[in-house]
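Below: the structure, in structure tokens.
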Amino acid sequence: MKKNGHHFSILNNMDPGEQLVCLKILTQIEEMLIARVSPVIQVTYERGAQLKYISHTIYFPQDISSITTQLPRHLDAVDILIVNKKNIKDQQYNFYVSKKHIYEALHYGIEFDPYYKDVQIDENALSLLLDISTDISSLFVYNMFES
């Protein structure tokens, strides 16, 4: 916190305002499907089911030399790895994907966001998604420590 307010505030000219509903409701996986660039993010699991950004991590290098113009991405092109420990019960992941959410967010971006003006909707990738919100976490789960 700065003396003149929070870092992301109107006082610092860093308040983007209220987020639109079509963007606010996107799950993390839906955001990844419509992102023009896929940065590498490190996340680690710590005892007590807490996440943090230090300690033992795995980096997955990606080629980000070009910015995608065909969206949404295909599910098999998204780099996700969910690691489950055998002794952790009832882990909840919010990996639901809705074709409607992605379609609405892309159309909004193309119409109003200058960084999405040149994006073309990949109808083939969109057609592979289901009309109803669907949990796709099973596509990305790796169970470890099984004996």
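The values are calculated or read from the model by the stated rules, or taken from the named source; none is laboratory data. Quick caveat: nothing in here was measured; it's all calculated off a predicted structure. Here the Cβ is made from the backbone with ideal geometry for all residues, glycine too, and neighbour counts use every protein chain on show.
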Matching residues, segment 109-124, being in a helix (DSSP H, G or I) and under 10 Å from Ile34 (Cβ atoms): Gly109, Tyr116
Search result, residues across segment 1-57 that are acidic (Asp, Glu) and either loosely packed, with under 10 Cβ neighbours inside 10 Å or modelled with pLDDT of 80 or more (or both): Glu18, Glu30, Glu31
From Tyr103, Tyr108, Tyr116, residue being in contact with a helix residue (DSSP H, G or I) (Cβ under 7 Å, 6 or more places away or on another chain), modelled with pLDDT of 85 or more and under 15 Å from Thr68 (Cβ atoms): Tyr116
Subset of segment 105-136 that is of a type in the set (Phe, Trp, Tyr) and surrounded by fewer than 13 Cβ atoms within 10 Å (Cβ to Cβ) - its residue that is farthest from the chain's Cα centre (by Cα): Phe112
Residues within segment 4-24 that are in a loop (DSSP other than H, G, I, E, B) and either in contact with a Lys or Arg (Cβ under 7 Å, 6 or more places away or on another chain) or not hydroxyl-bearing (Ser, Thr, Tyr) (or both), tallied: 12
